[in-house]
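The values are calculated or read from the model by the stated rules, or taken from the named source; none is laboratory data. Because the structure is predicted, anything quoted here is derived from the model rather than measured. Here the Cβ is made from the backbone with ideal geometry for all residues, glycine too, and neighbour counts use every protein chain on show.
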Amino acid sequence: MNNINLNPNYVSGFVDGEGCFHVSIVDRPELKAGKSVRVVFQISLHKKDKALLDLIKKNTTKETKEGLEEIRAIKSGMNFQRS
């Protein structure tokens, strides 16, 4: 399944149903602005769908992308998170 390219419209619709975006603003007095902003994109599915999460990660990630990405097991299934 490594050479499969997902249609961007499929990914968009899938994320609309199964994904979420989360933005948090935290007080950080050591920073010049005094605040820190964290943006997280997340999809959570059943563990049997890990291959699909791997495909979504492959099709939405560029090698030069900075940030944290992980697919990990959670109690209710699998979680793909990019922050």
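Among residues of segment 34-77 being touching a strand residue (DSSP E or B) at 6+ places or on another chain (Cβ under 6 Å), of a type in the set (A, V, I, L, M) and at pLDDT 70 or above, the one that is farthest from residue 6 (Cα to Cα) is 37.
Considering the conditions (1) within 16 Å of residue 78 (Cβ to Cβ); (2) loosely packed, with under 11 Cβ neighbours inside 10 Å; (3) of a type outside the set (S, T, N, Q), residue 14 is excluded by exactly one of them, (2).
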